[in-house]
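Working notes, beginning with the structure itself.
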Amino acid sequence: MPSPFSDRRKHPRYACDVGVQIRAVHSAGGYWGTLADVSLGGCYVYTFSPLALGTGVTLTLGTGDDALMAQGVVVTFHPGVGMGVEFTGFIRTDGELRLKALIASLDPTSQQK
């Protein structure tokens with residue numbers, strides 16, 4: 001019998017410990033959190049101030065020309081702990097390629113090839 005708490009994720013997640021700037025879509029300012037894990041579909045961000053479910057966000061990983069900037073929506077909310085963000089798009093045209101490169105760098109099986 002399947003567990004009622006079975007994993008519903010479409011993409012495997014990869015643990016990481018990377019700073020991420022979080023900005024609500026309709027906000028001029030942003031704040032920093034820590035990326036706990038990432039997948040092709042989204043990520044989990046540790047932050048003491050998670051945003052409400054359904055909030056649109058822009059996440060920036062890295063700085064300058066190497067920054068990965070993704071758009072998303074908050075899909076899980078854990079007060080005082082963090083939030084899950086589902087990716088909805090990328091700011092730059094090469095955003096998906098940058099995300100795949102980040103994931104490849106975190107995937108131990110890709111480094112054995």
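Computed values, structure above
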read-out	value
Pairs, first touching a residue at least 40 places away in the same chain (Cβ under 8 Å) in the stretch 25-37, second surrounded by fewer than 12 Cβ atoms within 10 Å (Cβ to Cβ), C-beta under 8 Å, six or more apart	Ala36/Ala15; Ala36/Asp17
Residue count for the stretch 11-29, restricted to those that are in a strand (DSSP E or B) and either over 14 Å from Glu86 (Cα atoms) or among the small types (Gly, Ala, Ser) (or both)	10
Among residues of the stretch 67-95, those that are farther than 18 Å from Gly30 by Cβ and without any contact (Cβ under 8 Å) to a residue 24 or more places away in the chain, counted	2
Residue count, the stretch 30-82 (criterion: surrounded by 15 or more Cβ atoms within 10 Å (Cβ to Cβ), part of a strand (DSSP E or B) and touching a Pro at 6+ places or on another chain (Cβ under 9 Å))	4
Test: residue in the stretch 53-67 that is of a type in the set (Asp, Glu), closer than 20 Å to Arg23 by Cβ and at pLDDT 90 or above	no
Qualifying residue in the stretch 30-37 (condition: among the aromatic types (Phe, Trp, Tyr), farther than 18 Å from Glu96 by Cα and modelled with pLDDT under 85)	no
Failed criterion for Ala15 (all others in (1) crowded, with 16+ Cβ neighbours inside 10 Å; (2) touching a residue at least 60 places away in the same chain (Cβ under 8 Å); (3) among the small types (Gly, Ala, Ser) hold)	(1)
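The values are calculated or read from the model by the stated rules, or taken from the named source; none is laboratory data. This is a predicted model, so every value here is computed, not measured. Cβ atoms come from the backbone with ideal geometry, glycine included; neighbour counts cover every protein chain shown.
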